[in-house]
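Colleague: Pasting a structure here, questions to come.
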Amino acid sequence: MKKLRLLFTLSLAAIVALIIVVSDSINNKLAAQSQYAGRTLVMVTSADYPPYEFRDTAAGSEIIGFDIDIANYIARELGFELKIQDTDFNGIIPALQSQRADFAMAGMTPTEERRQNVDFSDIYYEAKNTIVALQGSNLREPEDLAGKRVGVQLGSIQETAAKEFKDVTIVSLNRTGEIIQEVKARRVDAAIIEDTIATGFVANNPDLEFNTIDAGEGGSAIAFPKGSPLVADFNRVLQQMQSSGEIEKLVNKWFG
């Protein structure tokens, strides 16, 4: 009988604890939703970076992608309307600094230099850099790029990484697609592009190849204007997405 009473007491305690946790979670969500209710937040991006963000030409040029799905999930959880603005990558930080956008998602790495101008969320996805070149170019390591012309996206972490390579002529362009075309036209010898992006371009261009390299900082985070009060709430939802498996589900959806 005593054992039964003990088991009943432990079970009851566990149920009460679970109710408290669930109740706190619901209350936190409702509080956040009431705070954001009726608000429209502007997200700035550079929609030339599949599968993070790109225009779906089959659906009237709607901007879709990994980052867009995450932003929409956060908007639903916090209860705000999401408005997306497209710009060149090097225009993202100025848009945040001038308060023309509330946050930015563009596969952006939180480097120390960028942290001087904007705040960042926790990192939500890790990736690596690659060298993309024509098949048979045998450009596998940064050392192989000596004396070569190398394409990078203007303002990107890849541009920063390429500046550390020795005896390399850097060609900075606004759009990733433009860089790929320069490689195919042999106007540049190679490009430095994130691995998930390179995978898609190489799959659609069998005359290209890529090799993964260890080149600088990595990881994507959400950027905000300095001192933004949004950071804590966005981090809370990102942590929820990680623990629930939502991020992993989206990674599988967009990166295979």
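Colleague: Filter region 65-77 down to residues that are hydrophobic (A, V, I, L, M, F, W, C) and open to solvent by 50 Å² or more (accessible area, probe 1.4 Å), then give me how many there are.
Modeller: 0
Colleague: Please give the number of the condition Ser244 fails out of (1) of a type outside the set (Phe, Trp, Tyr); (2) surrounded by 13 or more Cβ atoms within 10 Å (Cβ to Cβ); (3) at pLDDT 95 or above.
Modeller: (2)
Colleague: Taking region 109-144, which residues are farther than 21 Å from Ile213 by Cα and hydrophobic (A, V, I, L, M, F, W, C)?
Modeller: Correct list: Val118, Phe120.
Colleague: Here's another thing I want to ask about it. Looking only at strands (runs of 3 or more DSSP E) that fall completely inside region 114-160, which ones have 2 or more residues that are closer than 14 Å to Ala190 by Cβ? Give the steps one after another, and end with the answer.
Modeller: Values: elements: 118-120, 129-134, 149-153.
The qualifying strands (runs of 3 or more DSSP E) are 129-134, 149-153.
Colleague: Looking at region 189-200, which of the residues that are outside any helix (DSSP H, G or I) and not hydrophobic (A, V, I, L, M, F, W, C) is most open to solvent (accessible area, probe 1.4 Å)? Before the answer, list the steps.
Modeller: Narrowing region 189-200 to residues outside any helix (DSSP H, G or I): 189-194.
This time we only want the ones that are not hydrophobic (A, V, I, L, M, F, W, C), so: 189, 194.
Working: Asp189: 62, Glu194: 12 Å².
Applying the filter and picking the extreme gives Asp189.
Colleague: I'm trying to understand the selection: among the residues of region 201-227, which are of a type outside the set (Val, Ile, Thr) and buried (at least 19 other Cβ atoms within 10 Å of the Cβ)?
Modeller: Correct list: Phe201, Leu208, Glu209, Phe210, Ala215, Ser220, Ala221, Ala223, Phe224, Pro225.
Colleague: Here's a follow-up. Test of understanding: among Arg186, Arg236, which residue is out of contact with any Lys or Arg (no Cβ under 6 Å at 6 or more places or on another chain), of a type in the set (D, E, K, R) and not in a helix (DSSP H, G or I)?
Modeller: Arg186
Colleague: Whether any residue in region 111-118 is touching a Leu at 6+ places or on another chain (Cβ under 6 Å) and open to solvent by 60 Å² or more (accessible area, probe 1.4 Å) is what I want to check.
Modeller: No, that holds for no residue.
Colleague: Sticking with this one: Any residue that is crowded, with 23+ Cβ neighbours inside 10 Å, in contact with a strand residue (DSSP E or B) (Cβ under 8 Å, 6 or more places away or on another chain) and over 30 Å from Gly245 (Cβ atoms) - is there at least one of those in region 134-146?
Modeller: For region 134-146, residues crowded, with 23+ Cβ neighbours inside 10 Å, in contact with a strand residue (DSSP E or B) (Cβ under 8 Å, 6 or more places away or on another chain) and over 30 Å from Gly245 (Cβ atoms): present.
Colleague: Considering every residue within region 53-64, establish whether at least one is open to solvent by less than 20 Å² (accessible area, probe 1.4 Å) and assigned to a loop (DSSP other than H, G, I, E, B).
Modeller: No, there is no match, as no residue in region 53-64 is open to solvent by less than 20 Å² (accessible area, probe 1.4 Å) and assigned to a loop (DSSP other than H, G, I, E, B).
Colleague: Out of region 78-92, which residues are in a helix (DSSP H, G or I) and open to solvent by 30 Å² or more (accessible area, probe 1.4 Å)?
Modeller: Asn90 - this is the single residue of region 78-92 that is in a helix (DSSP H, G or I) and open to solvent by 30 Å² or more (accessible area, probe 1.4 Å).
Colleague: Out of all the residues in region 159-175, is one or more surrounded by fewer than 17 Cβ atoms within 10 Å (Cβ to Cβ) and under 28 Å from Leu250 (Cα atoms)?
Modeller: For region 159-175, residues surrounded by fewer than 17 Cβ atoms within 10 Å (Cβ to Cβ) and under 28 Å from Leu250 (Cα atoms): present.
Colleague: List the residue pairs whose Cβ atoms are under 8 Å apart, where the first residue sits in region 141-156 and is under 16 Å from Ile179 (Cα atoms), the second is basic (Lys, Arg), and the two are 6 or more positions apart or on different chains.
Modeller: Close Cβ pairs satisfying both conditions: Arg149/Arg187; Gln153/Arg175.
The values are calculated or read from the model by the stated rules, or taken from the named source; none is laboratory data. Keep in mind it's a predicted model, so treat the numbers as computed, not measured. Here the Cβ is made from the backbone with ideal geometry for all residues, glycine too, and neighbour counts use every protein chain on show. The area values use the complete protein model at the heavy-atom level, side chains included, leaving out ligands, DNA and RNA. Shrake-Rupley method; radii C 1.70, N 1.55, O 1.52, S 1.80 Å.
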